[in-house]
Amino acid sequence: MVFTERKSLGTAQVSIRIQALAAAVSVVAAVALPQILHVVGAGFGLGSTLGEMLLPMHLPVILVGLLAGPWAGAAAGFLAPLVSFGLTAMPGRAMLPFIVIELCVYGLAAGLLRTSSTPNLGKVVIVQISGRAIRAAAILLAVMVLGVSSIPVSIIWTSISVGVFGLALQWVLIPAILRWVVKQDVR
């Protein structure tokens, strides 16, 4: 049994085995989805723009945190960009540490909010703000304190403005997926 008798994900217990499996599936999805969007984007002459707009790595990481808890979410968020980089050289080397931090925070924050009575849309927004804020702080620290010159500080605003459609898409998809999971009464 994956979830307890209650029809809510918030109070359901998830076994360690299921958390590990969920994290692994999330990593696979977080690696595969950007590749699919890059192929589609190339077909339309957009290159990697679709991936930058739709934020495909974020969706499975946030979902696994909300469904399986903070450890599964944090593990998926930490591993997904590293596995993707190892297999596809994406994300780029300069941005890799910041994306690892951001996705790890997404997964952890989503998992910590899993048992919260906050509506699912609210959880998604809180997770998005948390991840983007920590990523911005890490970039500022790297540039201003450590003197990293390969990353412009303007990337903070650019990634938000380019990815706004993907953020909005998460507002629709994640609550809908969570409602569907609850309706399935997974046991």
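Tabulated data for the structure shown
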quantity	calculated
Close pairs from the range 144-155: first surrounded by 10 or more Cβ atoms within 10 Å (Cβ to Cβ), partner of a type in the set (G, A, S) and outside any loop (DSSP other than H, G, I, E, B), Cβ under 8 Å, at least 6 apart	V148/A142; I151/A142
Condition met for L108 (more than 23 Å from A23 (Cα to Cα) and open to solvent by 40 Å² or more (accessible area, probe 1.4 Å))	no
All positions within the range 156-187 that are free of Cβ contacts under 8 Å to residues at least 12 places away in the same chain and open to solvent by less than 70 Å² (accessible area, probe 1.4 Å)	T158, S161, A168, A176
Condition met for G77 (open to solvent by less than 20 Å² (accessible area, probe 1.4 Å), farther than 22 Å from V162 by Cα and touching a residue at least 24 places away in the same chain (Cβ under 8 Å))	no
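Here is a yes/no grid of residues against (1) modelled with pLDDT of 95 or more; (2) among the charged types (D, E, K, R); (3) within 20 Å of E52 (Cβ to Cβ):
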position: L121; (1), (2), (3): yes, no, no
position: V127; (1), (2), (3): yes, no, yes
position: V153; (1), (2), (3): no, no, yes
position: I156; (1), (2), (3): no, no, yes
position: A168; (1), (2), (3): yes, no, yes
position: I174; (1), (2), (3): yes, no, yes
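The values are calculated or read from the model by the stated rules, or taken from the named source; none is laboratory data. Source: prediction; values computed, not measured. Ideal geometry is used to build each Cβ from the backbone, glycine not excepted, and the neighbour counts take in all protein chains shown. When the accessible area is computed, the model is the full protein with side chains, heavy atoms only, and any ligands, DNA or RNA have been set aside. Shrake-Rupley method; radii C 1.70, N 1.55, O 1.52, S 1.80 Å.
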